[in-house]
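> Here it is: the structure, laid out below.
The values are calculated or read from the model by the stated rules, or taken from the named source; none is laboratory data. Predicted, not measured: the structure shown is a model, and the values here were computed from it. Positions of Cβ are generated from backbone atoms using ideal geometry, with glycine treated the same way; all protein chains shown enter the neighbour counts. For the accessible areas, the whole protein counts, side chains as well, though only heavy atoms, and no ligand, DNA or RNA atoms are used. Shrake-Rupley method; radii C 1.70, N 1.55, O 1.52, S 1.80 Å.
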Amino acid sequence: LQKSLSETFGADQYSRARKEVLTYMFSRPMQMALYFCTGVLEDETLFHHYALNVPFYTHFTSPIRRYADIIVHRLLSASLGARPPLKMEKEAIQKQADHCNDRKMASKRVQELSADLFFSIFVRVRP
């Protein structure tokens with residue numbers, strides 16, 4: 001895809017911007033990862049990571065970035081015996097996961113609308 005886009009847009013001063021915008025637009029349909037509490041879901045196939053093709057998967061980044069990552073760090077630490085278990089019921093953890101998913105989706109939507117606006121302005125001002 002990247003090679004095809006590079007060849008299509010040539011080498012003028014706007015080719016890189018066009019390629020980046022369209023690459024972003026092509027990646028939009030990809031399914032977004034969701035946070036969930038494993039104790040709430042009974043279907044273990046939902047733990048599968050499609051692209052990596054592994055049956056059980058968890059993802060987190062530095063806990064300074066997102067609240068969901070703090071929860072994941074705490075749960076993993078507790079499961080490894082490095083800290084006491086969280087004093088939260090699984091339903092409360094799922095409620096937090098749902099809230100994090102909601103905020104993440106809202107943020108993604110704003111990002112998409114911003115890109116759409118930029119692209120519209122770019123197309124309008126380019127002859």
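> Does any residue in region 105-127 that is at positive phi come within less than 6 Å, Cβ to Cβ, of a residue that is open to solvent by 100 Å² or more (accessible area, probe 1.4 Å) and assigned to a helix (DSSP H, G or I) six or more places away or on a different chain, and which pairs are these?
As it stands, the answer is none, since no pair meets every condition given.
> Can you tell which of Tyr50, Tyr67 is outside the structural domain of Arg18 (by the TED database), touching a Cys at 6+ places or on another chain (Cβ under 8 Å) and modelled with pLDDT under 90?
The conditions single out Tyr67.
> Keeping to region 80-104, report how many residues are open to solvent by 90 Å² or more (accessible area, probe 1.4 Å) and either in a helix (DSSP H, G or I) or under 17 Å from Ala33 (Cα atoms) (or both).
Count: 5.
> Kindly indicate the residue of region 47-77 that is among the basic types (Lys, Arg) and either more than 23 Å from Lys87 (Cα to Cα) or surrounded by 13 or more Cβ atoms within 10 Å (Cβ to Cβ) (or both) and also farthest from the chain's Cα centre (by Cα) among those meeting that condition.
Step by step, filter region 47-77, then rank; the result is Arg74.
> While we're looking at this one, here's another question. Could you check, for region 37-45, whether at least one of its residues is open to solvent by less than 60 Å² (accessible area, probe 1.4 Å), outside any strand (DSSP E or B) and in contact (Cβ under 8 Å) with a residue 60 or more places away in the chain?
Within region 37-45, one or more residues are open to solvent by less than 60 Å² (accessible area, probe 1.4 Å), outside any strand (DSSP E or B) and in contact (Cβ under 8 Å) with a residue 60 or more places away in the chain.
> Out of region 105-118, which residues are of a type outside the set (A, V, I, L, M, F, W, C) and surrounded by 13 or more Cβ atoms within 10 Å (Cβ to Cβ)?
Glu112
> Now, a different point. Taking the condition without any contact (Cβ under 8 Å) to a residue 60 or more places away in the chain and either within 30 Å of Glu42 (Cα to Cα) or in contact with a helix residue (DSSP H, G or I) (Cβ under 7 Å, 6 or more places away or on another chain) (or both), does Ala78 pass?
yes
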